[in-house]
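Peer 1: Take this structure, written in structure tokens, and hold onto it; I'll ask about it next.
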Amino acid sequence: MRAILLGPPGCGKGTQAKILIDTYRVPQIATGDILREAIAQETPLGVEAQSYMDKGLLVPDQLVIKIIEGRLKQADCESGFILDGFPRTIAQAEALDTTLAGMGLKIEYVLSIEVDDAELIKRLTGRRICRACGESYHMAFNPPHKKDICDSCQGELYQRDDDKETTIRSRLKVYEEQTAPLIAFYTGKKILYPIKGVGSIEEITTRLKGVINA
Ligand code: AMP
């Protein structure tokens with residue numbers, strides 16, 4: 001299965017990707033996670049990406065395209081993959097098509113998760129992430145059993161710097177201007193599937209699987 005999870009920050013892409021990879025036994029490829037890891041390790045990529053990410057801006061296309069090109073050629077992608085947070089611009093989507101075409105492959109599903117801005121802001125400001133395993137929580141909607149401690153691995157939970165309200169507003173603006181045009185791009189290719197992104201995590205998973213299993 002080769003799928004893209006598309007949608008604004010906070011729509012639940014990462015949460016759903018983590019559930020779907022267990023069902024379909026393919027890797028989740030999240031450019032945001034790869035970039036945060038590069039920042040933590042202070043690699044040249046991380047140093048360059050950080051200034052953009054701190055402001056809620058997109059990292060330049062050529063950097064993320066290079067990451068994805070390398071990642072898709074790894075052996076674990078042979079059975080498929082779920083892209084989470086990539087592509088985010090038309091240029092990235094075109095580069096992805098070219099890379100996949102070179103491998104004799106194409107994307108089958110673009111699952112576009114729809115949530116309105118007021119709900120996204122509520123979700124993102126309450127979001128907490130485990131420093132150790134990356135598991136995502138929400139202080140109101142999906143709190144951990146022990147405050148600031150991960151249920152799965154006992155790691156410490158933290159708030160991403162870019163989940164502060166002013167940065168969230170720039171990320172939503174960037175989404176509207178640069179990423180939302182992908183909806184028309186993939187509609188034109190007849191592989192776009194809109195998914196209502198409100199409801200419980202399980203309800204949204206059921207909607208996603210309904211499309212994939214159809
Ligand atoms: P995310 O974890 O997907 O919300 O991504 C966090 C931040 O990483 C974004 O706000 C961007 O600064 C950067 N980023 C992640 N994926 C991409 C991408 N495909 N293109 C450009 N920047 C990205």
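The values are calculated or read from the model by the stated rules, or taken from the named source; none is laboratory data. Please read these numbers as outputs of a predicted model, since none were measured by experiment. Methodologically, a virtual Cβ is constructed for each residue, glycine included, from the backbone with ideal geometry; neighbour enumeration extends over all protein chains shown. Heavy atoms of the whole protein, side chains included, go into the accessibility calculation; ligands, DNA and RNA do not. Shrake-Rupley method; radii C 1.70, N 1.55, O 1.52, S 1.80 Å.
Peer 1: Can you tell me which condition Tyr137 does not meet? The list is (1) closer than 27 Å to Thr187 by Cβ; (2) open to solvent by less than 20 Å² (accessible area, probe 1.4 Å), and all the others hold.
Peer 2: Of everything listed in (1) closer than 27 Å to Thr187 by Cβ; (2) open to solvent by less than 20 Å² (accessible area, probe 1.4 Å), Tyr137 misses just condition (1).
Peer 1: Considering only residues of region 53-70 that are within 9 Å of the ligand (Cβ to nearest atom) and in a helix (DSSP H, G or I), which is most open to solvent (accessible area, probe 1.4 Å)?
Peer 2: The qualifying residue most open to solvent (accessible area, probe 1.4 Å) is Asp54.
Peer 1: Which one is farthest from the chain's Cα centre (by Cα) among residues in region 98-117 that are surrounded by 15 or more Cβ atoms within 10 Å (Cβ to Cβ) and part of a strand (DSSP E or B)?
Peer 2: Here the answer is Tyr109.
Peer 1: State yes or no: is Val26 modelled with pLDDT of 95 or more, more than 13 Å from the ligand (Cβ to nearest atom) and not acidic (Asp, Glu)?
Peer 2: yes
Peer 1: A further question on this structure: Would you check which residues across region 151-167 are surrounded by 17 or more Cβ atoms within 10 Å (Cβ to Cβ) and more than 10 Å from the ligand (Cβ to nearest atom) and list them?
Peer 2: Gly155, Leu157
Peer 1: To continue, here is another question. Take Ala95 and tell me if it is crowded, with 18+ Cβ neighbours inside 10 Å, in contact with an Asp or Glu (Cβ under 9 Å, 6 or more places away or on another chain), at pLDDT 95 or above and within 22 Å of Ile183 (Cα to Cα).
Peer 2: Yes, satisfied.
Peer 1: While we're looking at this one, here's another question. Quick one: is Lys73 under 25 Å from Val26 (Cβ atoms) and within 12 Å of the ligand (Cβ to nearest atom)?
Peer 2: So Lys73 does not fit the description; no.
Peer 1: I've got another one for you. Kindly provide the set of residues from region 1-50 that are among the acidic types (Asp, Glu) and either within 16 Å of Glu202 (Cα to Cα) or open to solvent by less than 10 Å² (accessible area, probe 1.4 Å) (or both), ordered by number.
Peer 2: Once the filter is applied, which keeps residues that are among the acidic types (Asp, Glu) and either within 16 Å of Glu202 (Cα to Cα) or open to solvent by less than 10 Å² (accessible area, probe 1.4 Å) (or both), region 1-50 yields only Asp22.
Peer 1: Same structure, new question: Given (1) touching a helix residue (DSSP H, G or I) at 6+ places or on another chain (Cβ under 7 Å); (2) β-branched (Val, Ile, Thr); (3) farther than 26 Å from Thr166 by Cα, where does Thr98 come up short, assuming only one miss?
Peer 2: (1)
Peer 1: Further question on the same structure: When the residues of region 105-119 are narrowed to those that are of a type outside the set (D, E, K, R) and either at pLDDT below 95 or touching a Cys at 6+ places or on another chain (Cβ under 6 Å) (or both), which ends up farthest from Arg171 (Cα to Cα)?
Peer 2: Ranking the candidates gives Ile113 first.
Yes/no matrix, rows are residues, columns are (1) within 14 Å of Cys11 (Cα to Cα); (2) of a type in the set (Lys, Arg); (3) open to solvent by less than 20 Å² (accessible area, probe 1.4 Å):
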| position | (1), (2), (3) |
| --- | --- |
| Gln178 | no, no, no |
| Leu192 | no, no, no |
| Lys196 | yes, yes, no |
| Gly199 | yes, no, no |
| Gly210 | no, no, no |
| Ala214 | no, no, no |
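Peer 1: So Ile82 fits all but one of (1) at pLDDT 95 or above; (2) crowded, with 20+ Cβ neighbours inside 10 Å; (3) closer than 24 Å to Glu177 by Cβ; what number is the exception?
Peer 2: Looking at each condition in turn, Ile82 falls short on (3).
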